[in-house]
Each structure stands twice: as C-alpha cells, then as structure tokens.
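Okay, structure first, notes after.
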Amino acid sequence: MSAATDASERSDAGAARLASRDVAPVAAGLVPFAVAIGAASAANGLSFVEAVLTPAMLLAGSAQLAAVDLWGSGGGLVLVAGTAIVINLRLALYSAGLRRWFEAAPRWQQLLLACTLIDQSFLLCEERFATARDLRWRRTYYVTVSAWLVAVFLLSQAIGHVAGSGVPDGLGLHLAGPLVFAGMLARTVRRGHHLVAAVVAGAVLVATAGLPGGLALPVAAIAGVVAASARSPEPRP
C-alpha cells in the first residue's frame, strides 16, 4: 500500500472507502458514454429489456455501441458478433493482470471476479495493487470499484434508452468513455515501458482511424500492451 494510505485504510472498510473515492470521477465519466449507448439502443429498435440485459451480460461499452450501430445498419449476426469479439480481445490481456492480483484466491473466485473486469477497473486496480499486497484488501477494493462502475453503467444506459431521441446527436457523448480512459491511462505513464505503450498505441490509433465499428481503439490498445510487454523488465520474485 502506498505511504499516503494510512492505517485506517488497511481494513476492509478502508479499502471500500478508498475504492469509492478513486472510482467516483471515473464513474461520473461513464455516465454520458452509457447514456449515448442507451439512446443508440432505442434508436436501433431495441426494447427496454433488451437494452438493459445486453450491457448486463456484456459489460463492454465500446463493443456494445459498435454492435448496436452495426445491427441497426443491417449488419448480419456474424459481423456483429465478430466485431464485438475483436473489440473485447483486450479483456483477455486484462485477465492476465487479474490472475496475478488474485493468484492466491480459489479458481472459482477468480472466475467470478473476472466477470466485471473492464478498462476502468483494470487501470484503477493496477495502480493501487502495485503496492497493496493483501488478498482480502485487494478483493474488497476490486469488488467496490466494480459495483460502482456496473451500477452507474447500467443505470445510465437505462436513462439513455428512456430519453431516446431526446439525447442530441451533436453532443458527442460517445467520446466521453475513450476520453476518460485516455485520462486514466496518462496517470499510469511513469516508467519506460508505460511510455512505450502510450506512444505505440497513439501511433496505431492514428494509423487505424479508418477502421469500421470502433475497432481502432482496441487495436491500438492491444498494440500498446504488446509493445510494453516486450519492453518491460522481468518481474522481480
């Protein structure tokens, strides 16, 4: 745990309080992005139940937005499913981090925790868990972060679906999620391999900007992670 974290934050209650403080601005940044997804779901003919169940099962905003847009424009099931899978490939990389964080936990617990792993929870936990070693503390922090993010994500999508066409297209709400993610990523650029990841991801994002269905962002993220892995020194025992 960092030196700034006092003894009161080393308890389960302290982990929950710290997680709530950390996740608050991130969850707020998810609101406009999730509202945009809910509005897009309504515009493309999804019922309220479908619009609520889809994010609950998927928990991947960029993949969901791309899938809804493709489905609404007449894309076939194979194209929609294939696009969502490609966009979500980065979650397989994140799962390696989760396995490292909870290596001492039972396998069933690891699988349950993985169900709510998303970009924002990964970055918050990766930063905190660099110095917080206690398994129980990590689990409490992770579950609290995930609970806030999932609740805000689902509620905001429901609001967006109800608002429907009342959400102006010109607001650019779909950009909020990537912008928040970029801001969080910038906080982690402190070492050489982090800088490599940021530079490579930025270059790939520019080069692949024309890819359909929102594929540019996940492709760039994967490229950055791969570059950082090649650059990163061997972990200490």
Derived scalar couplings ³J(HN,Hα) [the stretch 98-111; Karplus, 6.51 cos²θ - 1.76 cosθ + 1.60; whole Hz; x for Gly, Pro]: 5, 4, 5, 5, 10, 4, 7, 7, x, 4, 5, 5, 4, 5
For labels at VAL162 and CYS115 in the simple 7 Å Cα→Cβ model, what's the distance in nm? 2.6
Mind grabbing the accessible area of VAL199 for me, 1.4 Å probe, Å², rounded to tens? 90
A chain fully extended from SER11 to LEU89 at 0.36 nm per residue, minus the present Cα-Cα distance, gains in nm 24.6 nm
Relative packing of peptides 150-159, 109-118, 11-20 - highest average C-beta neighbours within 10 Å first: 150-159, 11-20, 109-118
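The values are calculated or read from the model by the stated rules, or taken from the named source; none is laboratory data. Fair warning: this is a prediction, and the values are worked out from it, not measured in the lab. Methodologically, a virtual Cβ is constructed for each residue, glycine included, from the backbone with ideal geometry; neighbour enumeration extends over all protein chains shown. To get the accessible areas, we keep the full protein, side chains included, count just its heavy atoms, and leave off ligands, DNA and RNA. Shrake-Rupley method; radii C 1.70, N 1.55, O 1.52, S 1.80 Å.
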